[in-house]
Structures are given as C-alpha cells and as structure tokens.
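Here's the structure we're looking at; comments come further down.
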Amino acid sequence: MNKKTSNYKMINERASREFFRFAFPSVFGMIAISSAIVVDGIFIGNFVGAIPLASVNLIMPFITVVWGVILMFASGSAVIAGKYLGEDNPNSACDIFSKTVVIIFVAMILLSIISYFSPEYISFLLGARNETLAMCVEYLKNIAWFYPIFGFAVLMSYFLRIDGRPIYAFCGLLSTTIANILLDYIFVARLDLGLKGAALATGLAFVIGMTVVLPHFLGKYGSIKFILPHGSWREIPRAAFNGFSEFLTETSAGFIVLVFNWILITNIGSMGVAAFTVVDYLMYFSMLIFYGVGDGISPLVSVNFGAKKPNRIFTFFKMG
C-alpha cells in the first residue's frame, strides 16, 4: 500500500489522531445536516404556517423508509469496500461502489414512481386528512424527484470517508446545509412557494452537495472511483444484510413518529402534530450527534479489519 494514501494513514497512523480526524468531521457534519432540518422547520412554520409544518411531519415516516433503503445499501457496501481497501484491493472496492450506485439508482427510481403516482394513498395511510392531505400530496410529489440525488449524495459521503477523506465528506454536508438554508429563504420566504418551495430547496441543496464531492469519484484523487460493474452481484445482498440495522434504526424512528401523529390527530388535531413537529426536530438534532461518532469510526474499523489489525479496532471502539 502506498504510504502517501489516506488508507495507509488509517492503518498505520497513531490511533488517537485518526480517531479525531474521522470523528470530528462526522459529528460536525451531522450537526450541520440536523441544523438544516431545524431551519427548514422554522421557515415552514413562520412563512407557510402550522398546518403545513404538521403536513411535513405526517409524511416523514415514509421519507424515513426512503432514507432507510439508502443507508442500508450505502453503509453496508462501504463496510465491504473498507475491508477491500484494508486488504490493498482497490479494484474490488471500486466494483462494490459502482454496483451500489446502480442498485440505489434503481431503488430510488422505483420509490420516486410510487411517491409521484400514489401520493394521496400514501398520505392517507399516514394519517393525513382534510387540510393536511392536499399539503402532504404537494410535498411528496415535489420531493420524489430528488430521491436518486439523496441516494447518490449519501453513498458518496460514506465512500469518501472509507477512502480516507473525512474533511471532504464534511465539506459536502456543509455545502448541502448552507444551500438548503439559502434556498429555503429564496423559495419559501421570498418567492412564497410554500411546501413546494421547501421540497425544492431540500432537493436542490443535495444536488449542490453532490456536485461538491462528485469530482473525487471521477478523477484520480483517491482509491474509489466509478467503474463499469463486473463479476458477480452476490455482494449486494451481503451489503444489504450488513446495513439492515441502519434501515431498522431509520424506519423505527419513522414508526414512532407515525404512532405519535396518529394519537395527536385523534385527540388534538393538526395543531397537536405541528407542536410535536418542533419537539421532533430538536430530538432528531441531538440523536444525529451520537450517530456522528459511530459513523466516524466505522471506516476506521472496516479498513483495519481488512488489514487484520484487531488491537487497533479495539482501540477505536474504546475511544468511541
């Protein structure tokens, strides 16, 4: 393995230095994204209204399913790729990355079609009624166009860290956050586009974030790049199995929100859901900080697992 590569550093540099090099950008990246979520809610609540804010929260359980699928494939395949890089086998790491790009694209296109052509049915199942139903449909139909972009952005963020570029991954998340806030101001506050504007702001922000990190995978900046997939696709089910815990974590949070929404709608109404949405945003903010530490050390663990350095892995776990 080339001593100048970041993967070499992940295996041979002082453990404490590598831990902080990966953990800090990951935590700050999660803080940035969660801040954008809170600011998104502030813009909707102040410039569109409480009922639209409640409508967004009603649709969130379905959005968590979308994110769960993305995280399942992205995190699971990143672990496998990290093992390959630790074994000094970058070609196999590029292959699993490229296959995951294809799988996520297909999965997100299918979910986009379902969201765009069946928004009323989905919204009704999630508890939307009367004034919230039309708003849920509006938000869902506009956000659905961007599912593939969400998938690619998250996948690239995971693989940047696996490729030893945690700061670059953080820059992608930070640019997404800043773009989301600015576009919320333009579309929601200035142009008065309502929930359509909020959905477009979120989607276009991820387009910008993805554009920031895309050059890494198209040039010779690291070990991971997109190639024409070849060989067996059996590793994709294995990747899904590895990442299934991420899917369960994401969707279980959505299920909790769904149950709370049903109870609040039954007993209080849409205003109760709007009030809970504010609490939900703050809860999500604190939760993502803890996720950041876990996501930060995951690349270190997988790469060192491939390099057969169990003592170093144990050190990272203790520090985490």
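None of the figures in this text is laboratory data; all of them are computed from the coordinates on show. For clarity, every value in this text was computed on a predicted model and none was experimentally measured. Here Cβ is always computed from backbone atoms with ideal geometry, including for glycine, and neighbour counts include all displayed protein chains.
Couple of notes before you dig in:
- Point-to-point label distance, MET319-SER92, nm (Cα→Cβ direction, 7 Å offset): 2.6 nm
- Acute angle (nearest 10 degrees) that the helix 270-306 long axis makes with the longest principal axis of the chain, alpha-carbon atoms: 10 degrees
- Mean residue ellipticity at 222 nm, helices only, the chain: -28500 deg cm²/dmol; runs of at least 4 DSSP H residues each add -39,500 (n - 2.57), and the sum is divided by the number of residues.
- Label-to-label distance, nm, for residues given as PHE124 and ARG190 (7 Å Cα→Cβ offset): 4.0 nm
- Normalised by the number of residues in the chain, the mean separation of alpha-carbon contacts (under 8 Å, six or more apart) gives a relative contact order of 37 percent.
- In plain terms, the chain from ILE113 to ILE51 could stretch by 19.7 nm, reckoned as 0.36 nm per residue minus the Cα-Cα distance.
- Listed values for segment 65-76 are Karplus-derived 3J(HN,Hα) couplings in whole Hz (6.51 cos²θ - 1.76 cosθ + 1.60, θ = phi - 60°), namely 5, 4, 5, x, 5, 4, 5, 4, 6, 5, 5, x, and x replaces Gly and Pro.
- Sorted by Cβ density within 10 Å, fewest first, the residues CYS94, CYS171, CYS136: CYS171, CYS94, CYS136
- Gain in span if fully extended, ARG234 to VAL65, counting 0.36 nm per residue against the direct Cα distance: 58.5 nm
- With 21 Å as the limit on Cα-Cα distance, the pairs of LYS225/LYS308; LYS9/LYS318; LYS9/LYS83; LYS9/LYS220; LYS83/LYS225 that go past it are LYS225/LYS308.
- Among PRO90, PRO215, PRO25, the largest mean-square fluctuation in a Gaussian network model of the chain (Cα springs under 10 Å) belongs to PRO215.
- Distance (nanometres) between label positions extended 7 Å along Cα→Cβ at SER16 and ASN267: 5.0 nm
- Applying 1/(1 + (r/R0)^6) with r as the Cβ-Cβ distance of LEU182 and SER35 and R0 = 22 angstrom yields a FRET efficiency of 0.95.
- Across segment 111-123, rounded Karplus estimates of 3J(HN,Hα) from the backbone phi angles (6.51 cos²θ - 1.76 cosθ + 1.60, θ = phi - 60°) give 5, 5, 4, 4, 5, 6, 9, 10, x, 5, 5, 4, 4 Hz, Gly and Pro being marked x.
- In units of the rule-of-thumb radius 2.2 N^0.38 Å, the chain shows an alpha carbon radius of gyration of 1.01.
- Annotation: the residues LYS220, LYS196, sorted from fewest to most other C-beta atoms within 10 Å of their own C-beta, follow the order LYS220, LYS196.
- Segment 124-135 - phi-based ³J(HN,Hα) in whole Hz, Karplus 6.51/-1.76/1.60, Gly and Pro as x: 5, 4, 7, x, 6, 9, 6, 5, 7, 4, 4, 6
- Full-extension gain in nm, PHE255 to PHE226, via 0.36 nm per residue minus C-alpha separation: 6.9 nm
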